[in-house]
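See below for the structure under consideration.
Read-outs throughout are calculated quantities, based only on the coordinates presented, and are distinct from any laboratory measurement. Since this is a predicted model, take the numbers as computed values, not measurements. Every residue, glycine among them, receives a Cβ derived from its backbone with ideal geometry; neighbour counts consider all protein chains shown.
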Amino acid sequence: MTATFLIVGEALTDIVVGVDGARREHPGGSPMNVAVALSRLGHDTHLLTRVGDDARGDAIREHLEGSAVLLTPGSSVQAPTSTALARLDANGAATYEFDLLWDPRPTGLPEHVDAVHTSSIAAVLEPGATTVADTLRRYRETATVSYDPNARPTLMGAPESVRAQMEAIIALSDVVKASDEDVAWLYATEDVEDVVDSWRDLGPALTVLTRGDEDAVGFSSSGRVQVSPVVVDAVDTVGAGDTFSAGILDALAAKDLLGAQKRPALAALPNDEVADVLRRAASLAAITVSRAGANPPWSHELT
């Protein structure tokens, strides 16, 4: 089932430095990757972001147009485009350094969406974080709210300085997905499952923990569900978590579980259907892992 999404968050230029020192640039940003993934799966996808009027901004706009993502009218600004320097290790994992200004203009937003999603830096970096929270509150009356904390320690500072802010977004959300590394950093604990399960007390109906190339675990009123990973030859992990987030939303759309009116049904989702959602997300993320950069699959690539 085709759904309409609004994604709120940063779009920037990823400057990727490989283990051999070679550099390449391509459009990136966790929320933008989610928007691209959803649009490639056939959904109507709008992106509220901030893109400059330079060559890097032109490349981002071309990338979004190529995947049929619609930029909201206030997203293009007369300023440099933000960047993220990503250094890859021998296993393809990335660490980031950012040059980012986040002050989006929420003009010309779509009147109706089935779900709104935000993630990473956008939800905690001011002045834009206030805009993000206001946008989520605006749409929550009619739409499903999805959130991925996707921590960036080099930009966010000490975890205790952003934890309350992240939990405020979690409280607005229906679906929250986080990686084990993010949760361990945020709460300084190895009991990451307990943390993700406890988030449901704040409001979400479904919380999900991912463990890289290991399993994924979902928590709902039906209990705990664990699914195995889809094993592939990894090229790099850039964008894999973002594709997983998009996969959750895509699976919920297929089950007709998006929109505020579907909250009771989402809250009552049985374990076997939660497992279906996680398997769908894992299979999509595996395709992204199998190729370079944040390059999520198109619907015609899926079997």
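Structure summary
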| read-out | value |
| --- | --- |
| Förster radius 41 Å - calculated FRET efficiency between Arg211 and Glu111, Cβ distance, rounded to 0.05 | 0.60 |
| For the chain: relative contact order, % (alpha-carbon pairs under 8 angstrom, 6 or more apart) | 17 percent |
| Only Lys, Arg (+1) and Asp, Glu (-1) charged, at Cβ; the chain dipole about Cα centre in debye | 600 debye |
| Neighbour count of at most 15 Cβ within 10 Å plus DSSP loop: longest GluC sites (Glu not before Pro)-free window in the chain | 1-110 |
| Inter-label distance, nm, simple model (7 Å from Cα along the C-beta direction), Ala79/Glu62 | 2.4 nm |
| Compactness relative to 2.2 N^0.38 Å, alpha carbon Rg of the chain | 0.90 |
| Charge-dipole axis of the chain as Lys and Arg at +1 and Asp and Glu at -1 on Cβ define it, positive-most pick from His26, Phe5, Leu125 | Phe5 |
| Antiparallel %, DSSP beta bridges [both residues in the chain], to 5 | 40 percent |
| Kyte-Doolittle mean at least -1.0 and Cα axial length at least 24 Å: DSSP H helices in the chain | 271-289 |
| Full-stretch length increase - Asp191, Thr154 - with 0.36 nm per residue and alpha-carbon distance subtracted | 11.0 nm |
| Lys/Arg +1, Asp/Glu -1 at C-beta; the chain dipole; positive extreme among Phe219, Ser179, Leu88 | Phe219 |
| Positive dipole terminus of the chain, leading residue within Gly157, Ala285, His43 (C-beta point charges) | His43 |
| Choice from Met32, Met156, Met166 with maximal GNM fluctuation in the chain (Cα, 10 Å cutoff) | Met156 |
| Total charge dipole magnitude, segment 255-303, about the Cα centre, Cβ charges on Lys, Arg, Asp, Glu only, Debye to nearest 20 | 140 debye |
